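Read the figures in this text as sums done on the coordinates, not as results from a lab. All values reported here derive from a predicted model rather than from experimental measurement. Every residue, glycine as well, gets a Cβ built from its backbone with ideal geometry; the counts of neighbours run over all protein chains shown.
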Amino acid sequence: MPSTEPSDNLVTFERIATAFAFSLMRLISSRIVSITAEASLLRLHDVATEDDEPRDPDSHVIDQLRAVSYEEFDAFRYISRVSQLVYATTLLDTFLTDATRFLLMLYPASLGATQIGSVQALLEGASIADLLTSAVNKKVRDISYSSFAERLNLLRTTFGLNLPFDQADLDSLNHYSSIRNVIVHDQGLFELTLDPSGKILCQPKTCPRHPTPVTSRDFYSALIAYTSVFASLVSAVSNDVLKAPQDHSIHKLVLSLQGLRELAESRRAQEAE
């Protein structure tokens, strides 16, 4: 059984949750800069400057921005959007991994006797703590290959967590994690096949400028699902497992992420207009 007091466990879990929230807010800050840069560059391409127009002290900066070609701008926008989606998805992946590791360490009996280690390891001087840590890390590593939905279901069944999710959120988890995998592992532009004679054929398979299209609406849809998962999991662990007091700061953290979800919903609705 865990050797720390429940309050210590709550502090540890709050740190895990705060790390996700902090990194997500950094992503939002990055996106604000990206959107601002996109809008400014587009405006500079649309607005012509007269030769005799008065020059302000920062005009050389404007000239440098105006020198960016549309092709360069389009590359910047594409890579920014796919990078933001990959980063957001990786944050959720990391949070699920850390939360799973925390719960397994809190309840090592959930590993099962066959997972913990051998008598030989004990005879060789390995401590119980070392064996449990190794077993937990192996279990977490094995679980990480499953889909987000499967990992959440494992937490639900293993630890009795109340994790209600909308089907739309589950669909988004599956969809955007799949897109993340394509972005990370396949940005190839051509498909190689063999013809009946054994000749290698090379055929275009996607748009060379946008191999994996990601829109602003996609980003906000992913953000909505990810913040929903975060809020549900943090609430379940802090309330059902750690019995956090109602005035504990971890509840404020959940509320702040729920506010971010509402903002994402509003921005997604604007994108649809």
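Quick notes on this structure:
- Checking 252, 243 one by one, the residue that is loosely packed, with under 15 Cβ neighbours inside 10 Å and at positive phi is 243 and no other.
- Condition met for residue 154 (assigned to a helix (DSSP H, G or I), in contact with a Leu (Cβ under 9 Å, 6 or more places away or on another chain) and surrounded by fewer than 19 Cβ atoms within 10 Å (Cβ to Cβ)): no
- The single condition among (1) of a type in the set (Val, Ile, Thr); (2) assigned to a strand (DSSP E or B); (3) within 30 Å of residue 162 (Cβ to Cβ) that residue 193 does not meet is (3).
- Each residue in segment 255-273 was checked for being surrounded by 16 or more Cβ atoms within 10 Å (Cβ to Cβ), of a type in the set (A, V, I, L, M, F, W, C) and free of Cβ contacts under 8 Å to residues at least 40 places away in the same chain, and 0 of them qualify.
- Hits in segment 201-216 (condition: in contact with a Phe, Trp or Tyr (Cβ under 7 Å, 6 or more places away or on another chain) and more than 15 Å from residue 190 (Cβ to Cβ)): 210
- Output for segment 215-239, where each listed residue is surrounded by fewer than 18 Cβ atoms within 10 Å (Cβ to Cβ) and within 19 Å of residue 15 (Cβ to Cβ): 239
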